[in-house]
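Asks: One structure, as C-alpha cells, below. Some questions next.
Every number here is computed from the coordinates shown, using simple stated rules; none is lab data. Only a predicted model underlies this, so the values are computations on that prediction, with no experimental measurement involved. As a convention, Cβ positions derive from the backbone with ideal geometry for all residues, glycine included, and neighbour counts pool all protein chains shown.
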C-alpha cells in the first residue's frame, strides 16, 4: 500500500486522538469499545494511535458508543474528503504528464525546444513561471524564517484560484511562491512542494504549454 502523505497521516492521527478522548470521557476501556465495534482491542489501540484505518461503519458505531454526538463521524468524513482531494490531484498530475509526453511525440515543442504556441486570448502568459521552474531567476527569493504554514496557505490559494478559473490570479502568485519554496531557509513539507508544482503543471496544461507542464510535473 502506498505511503500516505503527511497531511493525511496527521488527520488520521488526530482522528485517533479524538477517539481516545471520547472513549475515556465515556468511561470505556479499549476492550469494551472493541466489543461494540466488532474488532479486537489491538485494533482499537492502533486506530487511536493513527496507525490503522477503519471504515464508516466502525466510526458510526464508536461515535454512538462514546456519545460523541457525531463529532467522530464528522472527523472521519473530513479525512475521507481530504484523501479524495489528494487522489484527484494525483490523477490530474499524472494526466498532465501523459498529455505533455503525447504532445512531445506529436512534435510540439518541449521544455528545451523553441517557444510554445501562443496561448488563447483569455489565458495568462507564463514567462515568469517558466523562469521560476527552469531556475532562470537571477535573484532567488529568500523566505528567511517564514513559517511553513504560510507556504501551505499560498499553495491552497493557488489551487483555489485555478478551480475558480482565475488563471491570471494563479499565474501571478505561482512564480513568487515557487521561488520562495526553492529558496527557503526552512524545511518545507514535501507534500506542500508537490502541491505547488501540481498547480503549476495544471495551469501550464490549461494554457496549452505542454513543455512547461512536463517540467512542472517532473519537479514534484
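Asks: Taking the Cα-to-Cβ direction at residue 32 and at residue 187 and moving 7 Å from each Cα, how far apart do the two end points lie in nm?
Replies: About 4.1 nm separates the two model spin labels.
Asks: For a label point 7 Å from the Cα of residue 25 along Cα→C-beta, name the residues of the range 35-71 whose backbone N is under 14 Å from it.
Replies: The answer is 63-71.
Asks: Evaluate E = 1/(1 + (r/R0)^6) for residue 80 and residue 3, where r is the Cβ-Cβ distance and R0 equals 22 Å; express this FRET efficiency to the nearest 0.05.
Replies: Working: r = 18 Å, r/R0 = 0.82.
Using R0 = 22 Å, I get an efficiency of 0.75.
Asks: Here's another thing I want to ask about it. Let's test the formula: R0 of 45 Å, r as the Cβ-Cβ distance of residue 49 and residue 176. What FRET efficiency results, to the nearest 0.05?
Replies: Values: r = 39 Å, r/R0 = 0.87.
Plugging the Cβ-Cβ distance into 1/(1 + (r/R0)^6) gives 0.70.
Asks: Taking R0 as 41 Å, what's the FRET efficiency between residue 57 and residue 101 from their Cβ-Cβ distance, rounded to 0.05? All intermediate terms of the calculation are to be shown ahead of the outcome.
Replies: Working: r = 42 Å, r/R0 = 1.02.
Using R0 = 41 Å, I get an efficiency of 0.45.
Asks: Shifting gears a bit: For the residue pair residue 67 and residue 164, what label-to-label distance in nm results when each label sits 7 Å from Cα along the Cα-to-beta-carbon direction?
Replies: Result: 4.4 nm between the two label points.
Asks: A follow-up question, please. In the range 6-80, how does Rg compare with the Kirkwood Rh, expressed as the Rg/Rh ratio over alpha carbon atoms? Display every interim value, and only then the final one.
Replies: On the way: Rg = 10.9 Å, Rh = 11.8 Å.
Taking Rh as the inverse mean 1/r over Cα pairs, Rg/Rh reads 0.92.
Asks: Taking the number of other C-beta atoms within 10 Å as the exposure measure, put 42, 21, 205 in order starting with the fewest. Walk me through the numbers on the way to the answer.
Replies: Numbers: 42 11, 21 15, 205 23.
Ranked by crowding around the Cβ, least crowded first: 42, 21, 205.
Asks: For the range 6-80, what's the relative contact order in percent, using C-alpha pairs closer than 8 Å and at least 6 residues apart? Intermediate results must be reported in sequence, preceding the final value.
Replies: Details: 77 pairs, mean separation 26.7, N = 75.
Relative CO of the range 6-80 lands at 36 percent.
Asks: Can you sort 162, 76 so the residue with the fewest Cβ neighbours within 10 Å comes first?
Replies: Details: 162 20, 76 23.
Fewest to most other Cβ atoms nearby, the residues stand as 162, 76.
Asks: Can you sort 151, 38 from fewest to most other Cβ atoms within 10 Å of each residue's own Cβ? Working shown, then result.
Replies: Numbers: 151 22, 38 10.
Fewest-to-most ranking of 151, 38: 38, 151.
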